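Worksheet: the structure to be examined is printed underneath.
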Amino acid sequence: MFGPFERMVAFRYLRARRKEGFVSVIAGFSLAGIMLGVATLIIVMSVMNGFRAELLGRILGVNGHLAVYAPGGHGIGNYEALATEIRKLAGVTYATPEVEAQVMATARGNNLGALVHGVAPESLRSRAIFADNIRFGDLANFEGDNAVVIGERMAQKLGLTVGDQLTLISPKGQATVFGSVPRVRSYTIAAIFKVGMSEYDSSYVFIPLAAAQTFFAMDSNRVSQISIGLANADLTASVAAKIRPMIGPTMSIYDWRQANSSFFTAVEVERNVMFLILTLIILVAAFNIISGLIMLVKDKGRDIAIMRTMGASRGAVLRIFLMAGASIGVVGTSAGVALGLVFCANIESIRQFIEGFSGTNLFNAEIYFLSRLPAEVDPGEVVTVVLMALGLSLAATIYPAWRAARLDPVEALRYE
């Protein structure tokens, strides 16, 4: 499409000489703008993908894909038989009966709200997200009616370590001759976990199932819910359809999409808005290409006229300036992709360096839920960004190149 003559002239025009240095400066800023726009778009989209993947993995790892519960707080009776039937379904990795309730956790004069999960000790040990992330202690000690497992952030806030006492206060009171009083009991910390999500590390408390039933005055044959984990999140709807006939009309089932719909919808909306906003950076750089090429055409009017009189066709002139402008887009896009991918591959190290250099906390885990900055590059999105940047760059060259091809040699040389 582009001959040797056209390539030679186009690249010569892009190399600055003193008298047209300003045109080259504009071209340089255009290239930098496209590079930064492409890199920023790749980095931001990758971080948003990383956030979603990390949060989804932790949420599903802790809470499961599905949960069966009885509305009204009456609990699920004969739960073990139901859990056994659910475990037989294809795609189900676990079905864990749980007692769940909110409490006040207190120790050393410090208080904070917590969510108690009463689970069978063997069920907690089989959950990889907890078993593989024990920071202190051992889940082997999680047994009996006096052991608890808490998150690392809760332990830090309350000043606790393994072997210390944690007092739980339930708002569901017990009847006495003096009226209803809160239930209070102290437990020994058997282990401390860190799953990497602030909400769970700072508020979740696990106690053995039997101990939870006793503390919350629940019958030994009843639980609050049955949490269900699946081998694949895509199986959620099909497995839920199979479970509904088992539980009857007195119980309900909800999946992870319903439980976290507002959160993941907000993440998706923010991701789309950021894509549109950052695309404007590339669009501004494309307008810089237009202005730079228009100035180049005006500056090279005499050269264009001479080439036309020597036999160059309008198509050849058009291709020269198309190549000059498109080269800026190609080089800028390529540099932007390389910069974006390198940044994503080292984003956590870069964050730590900037925090150490500036002395500021750029990524507060309590605000952003995660303890590290994630980035997950989607090849499809990278291709989309590249095609968009190249398309805008090529579109920006069309009008200046058309103006150059339409230049009349007689008019251009009239006053020379």
Problem set entry | Counted residues, the stretch 269-310 - those being crowded, with 16+ Cβ neighbours inside 10 Å, closer than 30 Å to Glu54 by Cβ and of a type in the set (A, V, I, L, M, F, W, C) | 5
Exercise. Phe343 versus (1) at pLDDT below 80; (2) surrounded by fewer than 18 Cβ atoms within 10 Å (Cβ to Cβ); (3) part of a helix (DSSP H, G or I): which is the lone unmet condition?
Worked result: (1)
Problem set entry | Given (1) modelled with pLDDT of 90 or more; (2) over 17 Å from Gly64 (Cβ atoms); (3) among the hydrophobic types (A, V, I, L, M, F, W, C); (4) surrounded by fewer than 16 Cβ atoms within 10 Å (Cβ to Cβ), index of the condition Leu115 fails | (2)
Exercise. Pick from the stretch 102-112 the residues that are in contact (Cβ under 8 Å) with a residue 60 or more places away in the chain and of a type outside the set (A, V, I, L, M, F, W, C): which of them is surrounded by the fewest Cβ atoms within 10 Å (Cβ to Cβ)?
Worked result: Gln102
For this session: For Ile129, work out the one condition from (1) touching a Gly at 6+ places or on another chain (Cβ under 7 Å); (2) outside any helix (DSSP H, G or I) it doesn't fulfil.
Result: (2)
For this session: Scan the stretch 144-161 for residues that are under 17 Å from Leu124 (Cβ atoms) and surrounded by fewer than 17 Cβ atoms within 10 Å (Cβ to Cβ) and jot them down.
Result: Gly144, Asp145, Asn146
Exercise. Before we move on, is Val38 within 39 Å of the chain's Cα centre (by Cα), assigned to a helix (DSSP H, G or I) and modelled with pLDDT of 70 or more?
Worked result: yes
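What's the total number of residues in the stretch 243-272 that are in a helix (DSSP H, G or I), among the polar types (S, T, N, Q) and closer than 28 Å to Ala81 by Cβ?
Within the stretch 243-272, residues that are in a helix (DSSP H, G or I), among the polar types (S, T, N, Q) and closer than 28 Å to Ala81 by Cβ number 1.
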Problem set entry | Candidate set: the stretch 63-112, residues that are within 16 Å of Leu230 (Cα to Cα) and assigned to a helix (DSSP H, G or I); chosen: the one modelled with the lowest pLDDT | Asn63
Seminar exercise, completed: Of (1) at pLDDT 80 or above; (2) within 21 Å of Glu98 (Cβ to Cβ); (3) of a type in the set (S, T, N, Q), Gln258 fails just (1)
Exercise. From the list Ala259, Ala237, Ala241, Ala266, which residue is under 30 Å from Leu41 (Cβ atoms) and either surrounded by fewer than 17 Cβ atoms within 10 Å (Cβ to Cβ) or in contact (Cβ under 8 Å) with a residue 40 or more places away in the chain (or both)?
Worked result: Ala266
Problem set entry | the stretch 3-23, subset under 43 Å from the mean Cα position of the chain (by Cα) and within 13 Å of Gly325 (Cβ to Cβ), residue modelled with the highest pLDDT | Ala10
Problem set entry | Scan of the stretch 64-89 for residues that are in contact with a helix residue (DSSP H, G or I) (Cβ under 8 Å, 6 or more places away or on another chain) and surrounded by fewer than 18 Cβ atoms within 10 Å (Cβ to Cβ), ordered by number | Glu85, Leu89
Problem set entry | Positions within the stretch 273-303 being more than 33 Å from the chain's Cα centre (by Cα), assigned to a helix (DSSP H, G or I), of a type outside the set (Ser, Thr, Tyr) and more than 15 Å from Gly391 (Cα to Cα), in sequence order | Gly292, Leu293, Ile294, Met295, Leu296, Val297, Lys298, Asp299, Gly301, Arg302, Asp303
Exercise. Do you know which residues across the stretch 157-193 are at pLDDT 90 or above and basic (Lys, Arg)?
Worked result: Lys157, Arg185
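The values are calculated or read from the model by the stated rules, or taken from the named source; none is laboratory data. Bear in mind the structure is a predicted one, so any value in this text is a computation, not a measurement. Virtual Cβ from ideal backbone geometry, glycine too; neighbours counted across all protein chains shown.
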